[in-house]
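The structure appears right after this line, and notes come after that.
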Amino acid sequence: MLTILIDGIAYGMLLFVMALGLAVTLGLMNFVNLAHGAFAMIGGYVTALAMNRLGVPFLLTLPFAFLIPALVGLVAERTLYVRMYRRSHLDHVLFSIALVFMSIAGADWLLGSSQMLITLPPWLQGRFEVLGVGIGRYRAFLIVVCAALVIVLQMVLAGTRFGARLRASVDDQRAARGLGINVNRIFALTFATGSGLAGLGGALGIEIMGLDPTFPLKILVYVLIVVTIGGTASLTGPFLAALIIGTADVAGKYYVPELGAFLIYLLMIVLLILRPQGLIAPAR
Amino acid sequence: MMTDTSLSPLLASPRPNERVSRDLLRRGRWKPAEFVFWLIVAASFFFLPDRHLLLSEIAILGLFALSLDLIIGYAGVVSLGHGAFFGLGAYVAGLTSIHLTGEPLTGLVLAALAAGLLGLATGPLLLLRASDLTRLMVTLGVAMLVLEGANQAAWLTGGADGLTGVMIDPLLGRFEFDLFGTTGYAYCLIVTFAFFLIARRVVTSPYGLSLRAIRDNPLRARSMGIPVGRRILGLYAFSALIAGAAGALLTQTTMFVSLDVLAFHRSADVLLILVLGGVGYLYGGLLGAIGFKLLQDWFSAITPQYWMFWMGLVLLVVVLIGRENLNALPRTLLARFRKEGRT
């Protein structure tokens, strides 16, 4: 029971790290970026290839799983996304679906359609017991890493000048521009960070979610659900939503496997009916 | 739209009501290009006899995209899950033929009704919060639920193996569905044309005009006294009904249903089709279906495995150029041509 809860929390944390970039894109530029999962896939492949082909240790690959998608995200933002901000949501959807299609076919072409597997270092395998509750080492590792990330992000958002500017831009872009904040630059940086985080999430998630070229589509639904339920007004909303979805998904698969993926979609629809503005509604 | 907004009827007519109905009549009149389009479509039946299977697929995709055009182009609701209705229609048509009757028209009607009911039942979810993201997620969520449902209810749908044993009786008791798809194509064409006529009638009616008002400015439409929620719901259900009919056509012409009809790529493809052809004038779906199928055939001939990449690239370019610019391209070219001719 508690084991499942902890698995669920680990899964939810992972979802949150992946969804964060999307939440910010949506909140800041009102851009529906369905291609967010593609960046997660890049991160996953960076780690998998570095480990399997170059023999780099798992932990050492993680910084690259962050940096490379961030770089790709930065380039994509400056060259492609920047042209789309003022378009309609339909255009956003089409544009990012096109990117998803291309990334799936591209990954298939470059790396083959098979599942990527990695072997974790021995100290992350197996499980240990705390007060009679079995906890997977990797799950505990995930929770620690993701929790650290969340705390750092929260500190950056709440305590630094950059964070203040970012919050100002999310709240009221026009007023922020009027105050001399370079919203475009903030957005480029945030987009890159979000893509990098997604990549990191993808890398950390290989062990749990697997990795193959259809990954962007698979993860897309989960990430979108998290953002839709959580709302984009704060970090807390998506964080709570990610934990709820993660736990519900793991528990559902364990207790009522015949329901399959039914549960999270139902949960999403019910939550949307109960809280149409998101779990934590914007103050306005 | 492509109508000129001249002031003459405004000055000439004594009463506003008359003016409105005259304007509506003018909008509803058939243009020469429309006659030409449907004549070409009818001609394809006689002059391309060895392509009837491909043409049937195009007609079905066209009808499906037409149904999506109704809600995107006329109600402004972006949907990522229209495949749910298509798939439901396909399954209902298949199940009807196995358990009830092989008569194709019964299956068609039942499939369309079932899909329409699902639209009516899930439509209220669209009205929760009028943000595009929520609508995307709700439509996607419903589509995923239907897919999971079909996957889990293997005793009914055959699960991942698909529904086999679909047998369709001759159309109207006379025309056997043949291997070359000739009857199938005629059937698809007639059904598509019939639904097109109904859809055209709906969008050129006063009802359709109120829908356009909602699409352009929901707030204003509401303050004018248009029941926004009910209109969107009605059109959504109607659109779902047509999508269900398109699904039924697919089942009845291919005599097979699998989970593929509910997959996400169906919903994405139909969006792509609609965008290729242009949103908001009913012909977009039909033209887009032709373009899409031809492109797909061409790409999969070059790279059988990776045609998705090129499809994505085409979509990317279309969006980057701008849909409006692309749709206006023929007209601007024509205008430039005329101007040069004059000088």
- Footprinting exposure proxy for A:C146, B:C188 (fewest neighbouring C-beta atoms within 10 Å first): A:C146, B:C188
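Answer rounded, prolate or oblate for region B:87-163, using the Cα gyration tensor with square roots of eigenvalues a ≥ b ≥ c: rounded when a/c is under 1.5, else prolate when a/b is larger than b/c, else oblate.
Values: a/c = 3.75, a/b = 1.70, b/c = 2.21.
Cα axes put region B:87-163 in the oblate bin.
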- Query: What angle do you read, to the nearest 10 degrees and between 0 and 90, between the alpha-carbon axis of helix B:104-126 and the longest principal axis of chain B?
  - Reply: 60
- Message: Can you compute the charge dipole magnitude of chain A about its Cα centre, using +1 on each Lys and Arg Cβ and -1 on each Asp and Glu Cβ, nothing else charged? Give it in debye, rounded to the nearest 20.
- Response: 860
- Item | Folded to 0 to 90 degrees: helix A:215-230 orientation relative to chain A principal axis, Cα | 60
- Task: Search the structure for amide H atoms under 5 Å from the amide H of B:L163, placed 1.01 Å from N in the peptide plane, and list their residues when 5 or more places away or on another chain.
- Result: B:V257, B:S258
- Item | Nonlocal amide H pairs with A:V32, under 5 Å, H built at 1.01 Å | none
- Under 13 Å Cα-Cα from B:K293, which aspartates and glutamates qualify once same-chain neighbours fewer than 8 residues away are excluded? B:E57, B:D269
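Mind checking B:280-287 for the average number of partner chain beta-carbons within 10 Å of each residue's beta-carbon?
Numbers: counts 0, 0, 0, 0, 0, 0, 0, 0.
Mean number of neighbouring Cβ atoms from other chains: 0.
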- Message: Averaged across B:264-272, how many Cβ atoms of other chains sit within 10 Å of each residue's Cβ atom?
- Response: 3
- Note on the structure: A:L211 neighbourhood, Cβ < 14 Å, K/R = +1, D/E = -1, net charge -2
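Tell me, A:T247, A:T228 in order of fewest to most beta-carbon neighbours within 10 Å? Don't skip to the answer; put the middle values down first.
Numbers: A:T247 19, A:T228 27.
Result, fewest neighbours first: A:T247, A:T228.
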- Would you mind checking which residues have amide H under 5 Å from A:L211's amide H? H placed 1.01 Å from N; only 5 or more apart, or other chain. A:M116
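Per residue of A:107-119, what is the mean number of Cβ atoms on other protein chains within 10 angstrom of that residue's Cβ? Could you put the intermediate results ahead of the total?
Values: counts 1, 4, 5, 0, 0, 0, 1, 0, 0, 0, 0, 0, 0.
Mean partner shielding for this stretch: 1.
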- Expected vector for region A:97-108, Karplus 3J(HN,Hα) from phi with 6.51, -1.76, 1.60 and θ = phi - 60°, integer Hz, x for Gly and Pro, equals 5, 4, 4, 4, 4, 5, 5, 5, 5, x, 5, 4
- Item | Dipole of region B:126-234, positive end: most advanced residue of B:A194, B:S131, B:P218 [Cβ charges, Cα centre] | B:P218
- Under 20 Å by backbone N from the virtual spin label 7 Å along Cα-to-Cβ at B:I40, the residues of region B:286-320 are B:286-298
- For region A:63-73, in residue order, the Karplus 3J(HN,Hα) values (coefficients 6.51, -1.76, 1.60; θ = phi - 60°; whole Hz; Gly and Pro = x) are x, 6, 5, 8, 5, 5, x, 4, 5, 4, x
- Query: Along the charge dipole of region A:170-256, which of A:I245, A:Q173, A:A188 sits closest to the positive end, that is, farthest toward it, with unit charges on the beta carbon of Lys, Arg, Asp and Glu (+1, +1, -1, -1)?
  - Reply: A:Q173
- Task: Given the peptides A:148-155, A:41-48, B:238-245, B:109-116, arrange them by the average over their residues of other C-beta atoms within 10 Å, most packed first.
- Result: B:238-245, A:41-48, B:109-116, A:148-155
- Does anyone have the angle between helix B:83-95 and the longest principal axis of chain B? Alpha-carbon axes, 0 to 90°, nearest 10? 40
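Based on Cβ point charges of +1 for Lys and Arg and -1 for Asp and Glu, what charge dipole magnitude is obtained for chain B about its Cα centre, in debye rounded to the nearest 20? Intermediate results must be reported in sequence, preceding the final value.
On the way: 27 positive and 20 negative charges, 396 e Å.
Roughly 1900 debye for chain B.
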- Item | Packing-based exposure ordering (other Cβ within 10 Å, fewest first) of B:H265, B:H99 | B:H99, B:H265
- Note on the structure: Summing -39500 (n - 2.57) over every DSSP H run of at least 4 residues in chain A and dividing by its residue count gives a helix-only mean residue ellipticity at 222 nm, to the nearest 500 deg cm²/dmol, of -24500 deg cm²/dmol
- Which ³J(HN,Hα) values in Hz, rounded to whole numbers, follow from the phi angles of region B:273-282 under the Karplus curve 6.51 cos²θ - 1.76 cosθ + 1.60, where θ = phi - 60° and Gly and Pro get x? 4, 4, 6, 4, x, x, 8, x, 9, 6
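Coordinate-derived values only; no laboratory data. Note that the structure is a prediction, hence the values are computed from the model and not measured. Backbone-built Cβ (ideal geometry, glycine too); neighbour counts: all protein chains shown.
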